[in-house]
Ligand SMILES: [Zn+2]
């Protein structure tokens, strides 16, 4: 590792052509990862960073560690978002199985997503956002194509979920 770091600092930065790569803690720095534009790393990791332009050296042993940590950040963030959106609907009187049915998810899927055993796909998360913000409208939008959704709306209606 030491020899690799020395070799890295010997080579000038390809982005600015002047700086040198130095092991730098990138905790707190935001990265583009998967479909996240700015995912903030909340743990410490030393990676070679240009001391002039801040460019991160992309290849090397650190890249894999960084990827692993970003994947963990990504999962944590996604679980938090899922939890918040599901809680909004549960607070309104929905049952988790009803959310799954409206979103065409298999039974128990949300529990797995909340435990981090499954990662909610971005398309599913976007649908969940819509459902949590506009539950009744979403049900009514879906019903013409998926008549079974109407049954869920009726059940929710009977329990007074839309009363307020
Ligand atoms: Zn540079």
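Data for the structure
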| read-out | value |
| --- | --- |
| The range 37-51 - residue that is touching a residue at least 24 places away in the same chain (Cβ under 8 Å), in a strand (DSSP E or B) and under 15 Å from residue 22 (Cα atoms) and, of those, nearest to the chain's Cα centre (by Cα) | 47 |
| Some residue of the range 77-98 being out of contact with any helix residue (DSSP H, G or I) (no Cβ under 9 Å at 6 or more places or on another chain), assigned to a helix (DSSP H, G or I) and touching a residue at least 12 places away in the same chain (Cβ under 8 Å) | yes |
| Number of the condition not met by residue 68 [criteria: (1) within 21 Å of residue 150 (Cα to Cα); (2) without any contact (Cβ under 8 Å) to a residue 40 or more places away in the chain; (3) part of a helix (DSSP H, G or I)] | (1) |
| Scan of the range 25-61 for residues that are surrounded by 14 or more Cβ atoms within 10 Å (Cβ to Cβ), away from the ligand (no atom under 13 Å from the Cβ) and closer than 17 Å to residue 10 by Cα, ordered by number | 47, 60 |
| Scope the range 141-161; condition farther than 10 Å from residue 102 by Cβ and within 30 Å of the chain's Cα centre (by Cα); matching residues | 141, 143, 145, 161 |
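Any read-out appearing in this document is the output of simple, stated calculations on the displayed coordinates, not a laboratory observation. These numbers come from a predicted model, not from an experiment. No Cβ is skipped: glycine too gets one built from the backbone with ideal geometry, and neighbour counts run over all protein chains shown.
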